[in-house]
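Where a number appears in this text, it was derived from the coordinates with a stated rule and is not lab data. Just so it is clear, the model here is predicted, and its values are computed rather than measured. With ideal geometry, Cβ positions are generated from the backbone for all residues, glycine too; neighbour counts draw on all protein chains shown.
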Amino acid sequence: MPPLAARLYAPLNLAPAVPAASLRPATRLCAASGPRNVGGFRRGALASEKAAAVAVAEKAGGEGGGGEGEGPYDAIVIGSGIGGLVAATQLAAKGARVLVLEKYLIPGGSSGYYRRDGFTFDVGSSVMFGFSDKGNLNLITQALEAVGRKMRVLPDPSTVHFHLPGDLSVLVHRKYEDFINELVSKFPHEKEGILKFYDTCWTIFNSLNSLELKSLEEPLYLFRQFFQKPRECLTLAYYLPQNAGDIARKFIKDQELLFFIDAECFIVSTVNALQTPMINASMVLCDRHFGGINYPVGGVGGIAISLADGLVEKGSEIRYKANVTNVILENGKAVGVRLSNGKEFFAKTVISNATRWDTFGKLVKEELPEEEKNFQKNYVKAPSFLSFIWGVKASVLPAGTDCHHFILEDNWNNLEKPYGSIFLSIPTVLDPSLAPEGHHILHIFTTAGIEDWEGLSRKEYEEKKEVVANEIIRRLEKKLFPGLQDSIVLKEVGSPKTHRRFLARNDGTYGPMPRGKPKGLLAMPFNTTSIDGLYCVGDSCFPGQGVIAVAFSGIMCAHRVAADIGLEQKSPVLDAGLLGLLRWLRTLA
Ligand SMILES: NC(=O)c1ccc[n+]([C@@H]2O[C@H](COP(=O)([O-])OP(=O)(O)OC[C@H]3O[C@@H](n4cnc5c(N)ncnc54)[C@H](O)[C@@H]3O)[C@@H](O)[C@H]2O)c1
Ligand SMILES: CC(C)=CCC/C(C)=C/C=C/C(C)=C/C=C/C(C)=C/C=C/C=C(C)/C=C/C=C(C)/C=C/C=C(\C)CCC=C(C)C
């Protein structure tokens, strides 16, 4: 019998540029049952996209599949974002039996993709860290390997091209020396400060990269790391409560350069450098040169599909159209979940990949635990965003156009304002197979609050999207691509309401952001919660927003859960001590 993937992919019409792991049977999954044309942004599955895992759900029949009161599993994971899938696959690789329940039709959440008229569009970011073949921070490579998967990737020669006020243009080259030379050429008087700031980032990054990355909530592992790498662990402990903006100000005086560091951090955290944890900034500002930014051939959604397929091959399950509405508690312990159709599933542990606001505001019906009150005191929901996904004629791009751009035209004060700055990715610069010949994809997003988009009639809503899209086109025409308007052949606009609906994220939020100035990462909760048996994973857990960050959160979560269900070593006495200490530390933030 051929392997499962081969059997499921047998009827495929294979396109050469698409990796084996992302090839699907030609089933009109989204056309038959997917939400279409909501708010003009029709997030649907690839028409030909039916992961091995989907077949499991369909065999079982109906929403979420399965019968009454199924289980017990070792773990149920609510949601199949990258955080949830990494937790699930890591557990499955350790021998656990896992059930992933996904509300939508395909895996990936913010990291999914969909297809329209020959274009493959990433839903969220196209800037992918964690795909290299060296070091310990290549977490996407490691997560795929754990379930026997590998994706072909295309190296991006640059990370991002900044287009900033005062016509400041900085290209972040893949080669560190080239980037530093470029930055120093713009700020020669700050050469020493630039070197000192980025050197500090490297000290932190090298410490991170030297550790075996597992759960910081598991004492046996943590003490072993401290014993084996004391200097690196102490370096990380020292920088844990610090922010990038404070460190930058120790070395740099030029206000424009400090604004540039703000923009560097804004990409990482949607806040300025003074609010961005130094560990997170270091991770991103160095890994782009160490592991590099690499684009997975065929689209970002291929990562989730590969993980979901690998999960099923390991004997676990994923079910779609499975909308979890309740976490079931028994004597204060999480023992299972209930779907909107009343079906129940039981497990030794429950892991929520929904945001903490959804997990504790909607899925757990009890009063908000003290710890979550503390989280909400320290973090608010970051605004949502507007995304514009356009198919354009290739002729509109000047030769040599970079893949990723960040645009803030006239005024540094607009950096964090709604619609202030523009993120633009052109993934077809790296992978032309994503668009019909002679075309490119422009994927743009800009921050926007949901309040701006509520209470409108259908007509007003559509008109507003048109007005905002035209304004973005005007700005891009002025800055980068004259004639853009006339080159657009396909236009989709997603509003904060679209993201709330299709990504199931509270108010469509991009993730948590600190309410004020945080103490670095100190206040960010890990994976355990104050409810026994209930864990969280994803961007409202340490270390926060970002695909690579949620992948780390998945790895940490799986390790802690595996220890709790007896698949990894554990010491109950040390556990109680460390978990108590970490809870106390968070209250200091
Ligand atoms: N929001 C974006 O579009 C966007 C853009 C760029 C990057 N990213 C990155 O992606 C990361 C998010 O990853 P993540 O793993 O935290 O989560 P995610 O939001 O990507 O995925 C969560 C998944 O859980 C599902 N879900 C939520 N509630 C559910 C319920 N009650 N029942 C069943 N399924 C449910 C959702 O449908 C979704 O598939 C962020 O850190 C962000 O930086 C996001
Ligand atoms: C226990 C305790 C407490 C302590 C002790 C000490 C120690 C040992 C410590 C340790 C630590 C650690 C390990 C840590 C780790 C960390 C990590 C890994 C982190 C990571 C992070 C990451 C991140 C943040 C990322 C992010 C990213 C992002 C967000 C991205 C984005 C992108 C976008 C938005 C796109 C853009 C676009 C354009 C430009 C176009």
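What to note about this one:
- Cleavage-rule hits (GluC sites (Glu not before Pro)) in the range 167-217: DSSP loop, at most 16 neighbouring Cβ within 10 angstrom: 212
- Taken about its Cα centre, the range 141-234 carries a charge dipole of roughly 340 debye when the Cβ of each Lys and Arg holds +1 and the Cβ of each Asp and Glu holds -1.
- Put a dot 7 Å past the Cα of residue 237, heading toward its Cβ, do the same for residue 399, and the two dots end up 5.7 nm apart.
- Efficiency of FRET between residue 417 and residue 370 - r from beta-carbon atoms, R0 25 angstrom, step 0.05: 0.15
- Local net charge near residue 435, Cβ-Cβ under 11 Å (Lys/Arg +1, Asp/Glu -1): 0
- Relative contact order (percent, whole number), the chain, Cα cutoff 8 Å, 6+ residue spacing: 22 percent
- Given charges at Cβ of Lys, Arg, Asp, Glu: the chain dipole, positive-most of 342, 470, 128: 342
- Local net charge near residue 126, Cβ-Cβ under 13 Å (Lys/Arg +1, Asp/Glu -1): -4
- Neighbourhood net charge (12 Å Cβ-Cβ; Lys/Arg +1, Asp/Glu -1) for residue 287: +3
- Put a dot 7 Å past the Cα of residue 181, heading toward its Cβ, do the same for residue 167, and the two dots end up 2.4 nm apart.
- Residue 223-residue 588 FRET efficiency (beta carbon distance; Förster radius 25 Å; 0.05 resolution): 0.70
- Two-site label geometry, residue 576 and residue 253: point separation in nm, points 7 Å out along Cα→Cβ: 5.6 nm
- With a cut-off of 11 Å on the backbone N, no residue of the range 520-552 is near the modelled label site 7 Å out from residue 362 along Cα-Cβ.
- In a simple Cβ point-charge model (Lys, Arg +1; Asp, Glu -1; nothing else charged), the chain has a dipole of about 720 debye relative to its Cα centre.
- For the range 134-146, putting each phi into the Karplus relation 6.51 cos²θ - 1.76 cosθ + 1.60 with θ = phi - 60° gives couplings of 9, x, 9, 9, 7, 6, 6, 4, 5, 5, 5, 4, 4 Hz, in residue order, rounded to whole numbers and with x for Gly and Pro.
- Net charge dipole size for the range 383-508 [Lys, Arg +1 and Asp, Glu -1 on Cβ; Debye, nearest 20]: 180 debye
- Here's how it looks for residue 81: its modeled amide H is under 5 Å from those of 108, which are all 5 or more places away or on a different chain.
- Taking amide H as placed 1.01 Å from N in the peptide plane, residue 116 has its amide H under 5 Å from the amide H of 121, each at least 5 places away in sequence or on another chain.
- For residue 490, the residues 5 or more places off, or on other chains, whose built amide H falls under 5 Å of its own are 391.
- Whole-Hz couplings from phi, Karplus 6.51/-1.76/1.60, listed for the range 403-420; x for Gly and Pro: 6, 10, 9, 10, 10, 9, 6, 10, 9, 4, 5, 7, 3, 9, 6, x, 6, x
- The shape of the range 97-247 comes out oblate: with a ≥ b ≥ c from the C-alpha gyration tensor, a/c is at least 1.5 while a/b does not beat b/c.
- Across the range 258-274, computed HN-Hα scalar couplings (Karplus, 6.51 cos²θ - 1.76 cosθ + 1.60, θ = phi - 60°) run 5, 4, 4, 5, 4, 5, 4, 6, 4, 5, 7, 9, 6, 9, 6, 5, 5 Hz from first to last residue, x flagging Gly and Pro.
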